[in-house]
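No lab work stands behind these numbers, since they all come straight from the coordinates. Predicted model, so just to flag it, every value in this text is computed and none were measured. Every residue, glycine among them, receives a Cβ derived from its backbone with ideal geometry; neighbour counts consider all protein chains shown.
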Amino acid sequence: MPPIPEPPTPRRIAVIGGGAIGGLVAALAHRAGHDVTLCVRTPLDRLTLESDGEVVDAGVRFAVDPAAATPVDWVFLTTKAQDTAGAAGWLRRLCRGGTVVTVLQNGIDHTERVAPHVPDGTEIQPAVFYVSVECTAPGRVKHYAGNEIHVPDGPLAARLTALLTAGLKVVPVTDFTTALWQKLFTNLAANPLTALLQQRMGIFSDPGMAALTRDILAEAATVARAEGADIGDADIDRVLEMYALVPPDGGSSMLYDRLAGRPLEHEHITGAVVRAGERRGIPTPLNGMLLTLLRAVDRELRAARKDTATVRH
């Protein structure tokens, strides 16, 4: 890990979600000198981060009861997009006028998704996160690659830059609609294909898989442009190049969810393209096929979780 720069003014930070993204942000925010609480469903005994061959313990606090939470300066919402409503209890207790909620989730409707669940006066900062990270066990996070958070340019971007000074790079962007679609593109092939095949990123070294990826993204690019995003062939090339740089044993968040038996995030990734295509009258047969398959897998995962819960009770 790089040396720790001069610490910023310490702030009270809450991170909602104890998965890979939440664990990474909590660990690095603590490393930057902040007072960090990681809000989780199940108690953890510790939080460790493995990066660049080094394993470090993060001395964050853990909280499991939203009713006991008090307002903080900054909240990072890192739950899966479909779990946003489930975080409403945390958001209501942690936020007050002036609290900033940075939404580190997939999809293209961050602000609309979170706004109904926060008090008046809360500032919502949509963000896209370029990182490859895995939760290898509860409280154990392994960082593979990437460290950039892209946010709309403006005062909140400057404040986030001052807040995160250890291991994370804030990138302000003027055209955030394009930024949202560019991030969606990074997930559009990797997430569904690795999850459906239950294989890791090494599959994209296969020429046939690379060609399929290009076709999936080209279909989505037509939709993105209709939605006002500046997306073209260069963005497709960038995604393929990025996949080639990820270690072959790296994975995607959707793959990790399937392997762990958790519900999938397909409606906010592949589903976002299909629904936008429907709005614009643009066919999306490849992404539509992936969405149908992912929905079938998700139904099976949810049924298995329901059966397990029934047996436990």
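Brief remarks follow.
- For residue 118, the conditions (1) within 30 Å of residue 241 (Cβ to Cβ); (2) surrounded by 18 or more Cβ atoms within 10 Å (Cβ to Cβ); (3) hydrophobic (A, V, I, L, M, F, W, C) are fulfilled apart from (1).
- Single condition residue 16 does not satisfy, out of (1) more than 26 Å from residue 260 (Cβ to Cβ); (2) in contact (Cβ under 8 Å) with a residue 60 or more places away in the chain; (3) touching a helix residue (DSSP H, G or I) at 6+ places or on another chain (Cβ under 7 Å): (1)
- Filtered residues of segment 149-205 (kept if of a type in the set (Val, Ile, Thr) and at positive phi): none
- Candidates 129, 76, filtered to the one that is out of contact with any Lys or Arg (no Cβ under 9 Å at 6 or more places or on another chain), in contact (Cβ under 8 Å) with a residue 24 or more places away in the chain, under 24 Å from residue 251 (Cβ atoms) and surrounded by 17 or more Cβ atoms within 10 Å (Cβ to Cβ): 76
- Checked against the criterion of being under 18 Å from residue 167 (Cα atoms) and surrounded by 20 or more Cβ atoms within 10 Å (Cβ to Cβ), the candidates 56, 40, 36 yield just one match: 36.
- Residue in segment 182-205 that is of a type in the set (Lys, Arg) and in contact with a Pro (Cβ under 7 Å, 6 or more places away or on another chain) present: yes
- Test result for residue 213, closer than 20 Å to residue 288 by Cβ, assigned to a helix (DSSP H, G or I) and in contact (Cβ under 8 Å) with a residue 40 or more places away in the chain: no
- Matching entry among 68, 58, 81 (being touching a strand residue (DSSP E or B) at 6+ places or on another chain (Cβ under 7 Å) and of a type in the set (Gly, Ala, Ser)): 58
- Residues that are closer than 21 Å to residue 155 by Cα and over 21 Å from the mean Cα position of the chain (by Cα), drawn from segment 74-108: 96, 97, 98
Residue-by-condition table, conditions (1) farther than 25 Å from residue 180 by Cβ; (2) among the β-branched types (Val, Ile, Thr); (3) crowded, with 18+ Cβ neighbours inside 10 Å:
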position	(1), (2), (3)
214	no, no, no
237	no, no, no
288	no, no, no
294	no, no, yes
304	yes, no, no
